[in-house]
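The values are calculated or read from the model by the stated rules, or taken from the named source; none is laboratory data. Since we're looking at a predicted model, the values are computed, not measured. In this analysis, Cβ positions are derived from the backbone assuming ideal geometry, glycine residues included, and neighbour counts consider all displayed protein chains.
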Amino acid sequence: MQILKYYVFAAVMLFLAAGCKEKSDVNKGKDMAKVLKITWQRLIDEKGQTCNRCGSTEVEIQKAFQSLKKSLVPLGIKVILEKKALDPAVCAKDISQSNRIWIGKQSLEEWLGAKVGRSLCGFCCAELGDQVECRTVEIEGQVYETIPANLIIRAGLLAAASLYEGPPANPCCPVSSEKEQGEGNISCIKSNLKQHKLNESQDENRQLKKRY
């Protein structure tokens with residue numbers, strides 16, 4: 001009788017364990033489905049052309065996209081890049097919407113604490129038939145017409161870390177288990193951010209040495 005009870009107990013435990021594993025696998029799939037979306041929009045004319053700053057930004061954003069995928073996919077974060085075309089009619093009302101980047105729910109400027117400015121853009125002046133000043137971004141005293149990959153990567157890593165904020169989503173496993181995993185991922189992302197900033201500093205020093 002005791003042996004029978006033992007086997008019944010073991011069968012129940014295996015059933016419960018299988019159910020917990022299934023939930024864990026489902027939640028793991030959900031965790032792997034964390035998404036970091038980068039949205040970039042710019043003015044496109046009837047021939048499919050855009051201004052120099054937007055064309056150059058497209059090259060930079062593609063570099064940043066590939067770099068972020070390489071860093072974040074191993075942490076279970078899927079990186080998506082969406083490119084939106086704005087027609088001249090929209091930009092005539094508000095040209096500052098062209099060459100604008102969002103990462104997650106915030107703009108690139110919000111993530112970096114940057115300022116938005118304007119400077120004259122020859123292409124848009126010709127396209128819109130007016131003196132047009134297009135978007136610039138200022139950060140740490142430097143003004144950018146073309147948004148460089150390093151700024152997009154920096155903002156992307158900050159946005160990625162924010163994905164792990166908030167309460168754990170898996171009710172099956174211990175709270176500490178998911179919390180520790182999230183904290184580990186955040187630590188890894190911050191480490192990538194620190195290394196990225198170090199690389200930026202080294203690149204700047206190399207550029208200064210070339211000038212002098």
Touching a strand residue (DSSP E or B) at 6+ places or on another chain (Cβ under 9 Å), among the small types (Gly, Ala, Ser), over 21 Å from Gly55 (Cβ atoms) and touching a residue at least 40 places away in the same chain (Cβ under 8 Å): does that describe Gly113?
-> no
Being surrounded by 12 or more Cβ atoms within 10 Å (Cβ to Cβ), modelled with pLDDT under 90 and either over 29 Å from Val143 (Cβ atoms) or of a type in the set (Ser, Thr, Tyr) (or both) narrows Asp31, Asp45 down to just Asp31
Which residue pairs have Cβ atoms closer than 9 Å, lie 6 or more positions apart in sequence or on different chains, and pair a first residue in the range 49-62 that is more than 13 Å from Arg100 (Cβ to Cβ) and among the aliphatic types (A, V, I, L, M) with a second residue that is at pLDDT 95 or above and assigned to a helix (DSSP H, G or I)?
-> Val59/Ala149
Check on Ile61, within 28 Å of Glu46 (Cα to Cα) and at pLDDT below 90 = no
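In the range 63-87, what residues are out of contact with any Phe, Trp or Tyr (no Cβ under 8 Å at 6 or more places or on another chain) and under 20 Å from Arg100 (Cα atoms)? It would help to see each step written out before you state the result.
Keep residues of the range 63-87 that are out of contact with any Phe, Trp or Tyr (no Cβ under 8 Å at 6 or more places or on another chain), which gives 63-78, 80, 85-87.
Selection gives Lys63, Ala64, Phe65, Gln66, Ser67, Leu68, Ile80, Ala85, Leu86, Asp87.
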